[in-house]
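Notes follow the structure.
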Amino acid sequence: MATKSATNNTVKTTIQTAASGKSSPAPKKTPRTLAGDLRPVDDATRKSLLSHYEAAIKLVHANKFDKAHEAFTKLLPDAPADIAPSIRMYVNTCEAEIAKGAAKFSNTEERYDYAISLLNQGHYEDAREHFEEILKQNRNADYAFYGMALLAAMTCDSPRCIEHLAEAIRLNSQNRLQARNDSDFESVADDPSFTELLYPES
């Protein structure tokens, strides 16, 4: 329970504050988003960022994806919250286009090696497209059928695996020996048809 003296002091302090026309300043609040605090960007910095942003977009339109990717990557760390998502989108676009440009092959063997690398990374549909492209160019490409057999085995499609492997072996009997020691066929190893294909003399 407050004493009379304490009450009088409180009233006196309130009167003095009102008479002076001053009030205690409210604490400043920083605007927040779901991502956290917003960092204010001064007008000059924003103008510079926008200028570089527009220049990077022009590089995209000119199909200069390497340079555009470098420019957007430099912009991203200091990008304002309203521009950052767009910059990230352009970064992804540039990376996709750069990857397309890198995937050019002088022969089908190079395409096969690339398809196998995609297969090992788990990009099954992309790998399938390259195997099929090889077969469009050469229906006797036994290694492409072997790749398709690997793809089917890795996706647990036993019937297709055996079908493609049988064709690979028909075109090149060395594929039978290779398949016997290939651990990627483990998922179909218990299939009697697979065993019969690899060991027909048994």
Query raised in the report: Cα to Cα, under 17 Å, and not fewer than 8 places away if on the same chain: which aspartates and glutamates meet these conditions relative to LYS74?
Result: GLU54, ASP66, ASP82, GLU95
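Taking the Cβ of THR155 as the center, what net charge do the other residues with Cβ under 14 Å away carry, scoring Lys and Arg +1 and Asp and Glu -1?
Values: positive: ARG128, ARG160; negative: GLU125, ASP126, ASP157, GLU163, ASP184, GLU186.
The answer is -4.
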Query raised in the report: Using θ = phi - 60° and the Karplus form 6.51 cos²θ - 1.76 cosθ + 1.60, what ³J(HN,Hα) does each residue of region 115-125 get, whole Hz, x for Gly and Pro?
Result: 4, 5, 5, 5, 4, 5, 8, x, 8, 5, 5
Query raised in the report: Does region 119-202 classify as rounded, prolate or oblate by the C-alpha gyration tensor (a ≥ b ≥ c root eigenvalues; a/c under 1.5 gives rounded; else a/b over b/c gives prolate, otherwise oblate)?
Result: oblate
Query raised in the report: Quick one: Karplus J couplings for region 170-177, per residue in order, coefficients 6.51, -1.76, 1.60, θ = phi - 60°, nearest Hz, x for Gly and Pro?
Result: 4, 7, 8, 5, 5, 5, 5, 5
Query - Cβ-based charge dipole, region 67-202, positive-most Cα from GLY122, CYS94, ALA144 - result: CYS94
**Report entry** Whole-Hz ³J(HN,Hα) from phi, Karplus 6.51 cos²θ - 1.76 cosθ + 1.60, for region 77-85, glycine and proline x
**Finding:** x, 10, 6, x, 4, 7, 10, 3, x
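Charges at C-beta only: +1 for Lys and Arg, -1 for Asp and Glu. How large is the resulting dipole of region 108-198 about its Cα centre, in Debye rounded to 20? Write out the running numbers ahead of the final one.
Working: 8 positive and 18 negative charges, 59 e Å.
Around 280 debye, computed over region 108-198.
Values quoted throughout were computed directly from the atomic coordinates according to the rules given, and no laboratory measurement underlies them. This structure is a prediction, so every number in the text was calculated from the model and none was measured. Note: ideal-geometry Cβ built from the backbone for every residue, glycine included; neighbour counts use all protein chains shown.
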